[in-house]
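What follows draws every value from the coordinates through simple rules; no lab data is involved. In this text the structure is predicted, and so the values were computed from the model without any measurement. Please note: Cβ atoms are built from the backbone with ideal geometry, for glycine as well, and neighbour counts cover all protein chains shown.
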Amino acid sequence: MDPNPQEHGPIPINWADDAEDPGHIPILDFSPYSLLKGAVDEDQLQPLATQLVQAFSTVGFVYLRNHGIPAALVSRTFELADKFFALPEEVKTKFSRPADKSHGWVCLERERVTMERPGDLKEAFNVRPPHATEKLWPNEEVPEFQQASLQLYDKCRQLSLRIIELMARGLNIQDKAGLLSMHSMIGTGPNGSLMRTLRYPPVPEQVKEGQIRCGEHTDYGSITLLFQDNVAGLEVQNCDGEYVPAPPIPNTVVVNIGDLMQRWTSDKLKSTSHRVLLPETEEGRKTARRSIAFFAHPNMDAVITCLDGSNKYPPITAGEYLKQRLTATYDVS
């Protein structure tokens, strides 16, 4: 890995210049490598790769426009997830995530991503195709939920691989194919990649001390894709250590680096802490918030060693690392 990913020259980043300005998070035009793109112009990929690495090595987050995942598919998945979350709890319980699997419903306060806080005020439906038995899909209650979720999962898989390839280009990694091959089993085999539809319900009258919608945390894997609805709440830690809003921007996907990728790149790319606070206004507290997150991971047997040969971190398999993080997250007393 070249220590200077900017050898091709600095590329200006398109910052928002309107009321949707997310401040410190760049907005990039992904159209040169959009999923809708037919023939790809190789000359356009390197500048985009450089932009990505600039953002991921400083902020750790970007917004992508023109990524190629149909907005209608995202909206449809949100709508069907709403129908699932609106079901009575005793019905949703039938589809609960088993202790030894990642697929299924996760009830309110089941997760605690910040150990110093109570369980998060959110519920989720996890989609992990290798674990998704028919019994864990609400096919009678919400008939089209499975189809839409799996379609969106696959679109996220495709986009994640394109982003990872561009990151390898931007970092001047020689074995780009090798890096991609370590993600080859996403959605089909021993690989921890997961899509989650998330719902943050209206805030109850009484909340536990220190409880918020999602505690401060970093993500575990390679990269994360996040689709937000039109309700704000996400905050990202900036370079000064302050949390600042990452507001919803229509028809964009938010992408951030996970801990394993930071480790893999010897801290060249940054896994940035983020959270979802409770709304401050009465109106906001009465409003539910939704998002869809796709967590791209390497194959379970992939051995993560520092790509620059520095041995800054000892080797670890992606599966073992994920197991450690999940154990901590679900250990809710």
In a Gaussian network model of the chain with springs linking alpha carbons closer than 10 Å, the residue among 308, 229, 41 that fluctuates most is 41
Centroid-to-centroid separation of the range 118-135 and the range 239-269 [C-alpha atoms, Å]: 23
With the 8 Å Cα cutoff and a minimum separation of six or more residues, the range 134-271 has a relative contact order in percent of 16
Rounded to whole Hz, the Karplus (6.51, -1.76, 1.60) HN-Hα couplings of the range 59-72, x for glycine and proline: 7, x, 10, 9, 9, 10, 9, 6, 7, x, 7, x, 4, 5
Based on a Kirkwood Rh over C-alpha pairs, give the Stokes-Einstein translational diffusion coefficient of the range 30-136 at 25 °C and viscosity 0.890 mPa s in µm²/s. 141
Of all the C-alpha pairs in the range 173-280, what % are more than 19 Å from each other? 55
When the helices in the chain are scored as -39500 (n - 2.57) per DSSP H run of 4 or longer and the sum is shared across all residues, what 222 nm value do you end up with, to the nearest 500 deg cm²/dmol? -8000 deg cm²/dmol
Over 20 Å intervals from 0, what percent of Cα-Cα pairs in the chain sits in each interval? 32, 60, 8
Ranked by GNM mean-square fluctuation in the chain (Cα springs under 10 Å), the top entry among 292, 173, 223 is 173
Please arrange 182, 167 by how many other C-beta atoms lie within 10 Å of their C-beta, fewest to most. 182, 167
The chain: angle of helix 318-329 to the longest principal axis, Cα-based, in degrees nearest 10: 40
Length-normalised contact order of the chain, Cα under 8 Å, at least 6 apart, in percent, tallies to 21
Collect residues whose amide H, placed 1.01 Å from N in the peptide plane, falls under 5 Å from the amide H of residue 304; neighbours closer than 5 in sequence don't count. 316, 317, 318
Under a 10 Å cutoff between Cα atoms, tell me which one of 42, 242, 205 has the largest fluctuation in the Gaussian network model of the chain. 205
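Which net charge results for the neighbourhood of residue 103, defined as the other residues with beta-carbon distances under 12 angstrom from its beta-carbon, given Lys and Arg at +1 and Asp and Glu at -1?
Counting the neighbours of residue 103, the net charge comes to +3.
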In whole Hz and in residue order, list the ³J(HN,Hα) couplings for the range 45-54 that follow from phi through the Karplus curve 6.51 cos²θ - 1.76 cosθ + 1.60, θ = phi - 60°; x for Gly and Pro. 6, 5, x, 5, 4, 5, 4, 4, 5, 4
For the range 27-329, size of Cβ-based charge dipole, Lys and Arg +1, Asp and Glu -1, in debye: 380
Stretch in the chain that is longest and holds no trypsin sites (Lys or Arg not before Pro) that DSSP places in a loop and that have at most 15 other beta carbons within 10 Å: 102-207
